[in-house]
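Here is the structure we will look at.
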Amino acid sequence: MTVDRNVAPQPGPPRPYHFPRVARRTLDNGLRLLVAENHNAPLVSVRSLVRSGADYDTPELAGLASLTAALLDEGAGTRDAVLLAEDLGLLGASLGSGADWDASYISVDSLSRTFAEAFAIFADVNRRPMLPQASLERVQSERLMELIQQRNEPASIAGKRFSISSTAAAPTATPSSAIPSRSRGSRSMTCAATSPRTTFPTTARS
């Protein structure tokens with residue numbers, strides 16, 4: 001069969017996609033649950049979402065939401081960062097956390113047969129994060145190096161300039177990945193203090 005590579009191939013017929021049904025429930029404490037089932041693979045993915053992110057950062061605390069999110073996997077409950085990573089690895093699970101402009105999240109992906117154990121770790125990260133001082137200093141140092149590197153990256157420079165010029169009066173004018181000026185050299189209590197202020201069941205979704 002001869003293929004003319006000067007002519008783009010024609011697209012095939014569209015294939016229908018059926019989105020899974022989403023079951024919704026609100027717990028007594030206000031936490032809203034959304035569950036979508038797909039049994040094609042023995043995997044479970046869970047994400048807790050809080051509707052507060054970098055938009056809660058003040059100018060002097062710009063970057064606090066993303067910095068706090070970066071510390072959530074640095075130990076929780078009775079596990080330090082090393083033990084947390086080891087236990088997740090033994091379960092074949094992965095944990096993630098982050099913060100956008102209007103939301104913060106923690107997620108875990110695991111095999112269905114080890115989900116109970118992985119979810120227990122996930123619950124600890126949500127409810128009992130350590131936010132250790134040593135990790136705060138390391139993450140601050142890493143964040144500072146990233147910001148210095150971005151000074152030589154045209155895409156980063158253009159993105160920041162665009163945000164400043166187009167949304168000067170909005171929270172998005174300040175980079176969400178900045179380093180909070182008041183947390184430099186301070187204790188991790190600065191990060192811990194943001195949780196009760198912005199995290200409560202009525203803003204959360206899982």
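The values are calculated or read from the model by the stated rules, or taken from the named source; none is laboratory data. These figures come from a predicted structure and were not determined experimentally. We place every Cβ from the backbone using ideal geometry, glycine too, and count neighbours over all the protein chains shown.
Of all residues in the range 1-59, which are of a type in the set (Phe, Trp, Tyr) and not in a loop (DSSP other than H, G, I, E, B)?
The answer is TYR56, and nothing else.
Return the residues of the range 60-104 that are assigned to a strand (DSSP E or B), among the hydroxyl-bearing types (Ser, Thr, Tyr) and over 19 Å from ARG143 (Cα atoms); say none if nothing qualifies.
SER94
Which one of the conditions (1) within 17 Å of the chain's Cα centre (by Cα); (2) not in a strand (DSSP E or B) does ARG113 fail to meet, given that it meets all the rest?
(1)
Looking at (1) closer than 23 Å to SER135 by Cα; (2) without any contact (Cβ under 8 Å) to a residue 24 or more places away in the chain, which one does ALA103 not meet, given that it meets all the others?
(2)
Tell me the residue from SER183, SER135, SER166, SER177 that is modelled with pLDDT under 60 and touching a helix residue (DSSP H, G or I) at 6+ places or on another chain (Cβ under 9 Å), please.
Sole residue among the options that is modelled with pLDDT under 60 and touching a helix residue (DSSP H, G or I) at 6+ places or on another chain (Cβ under 9 Å): SER183.
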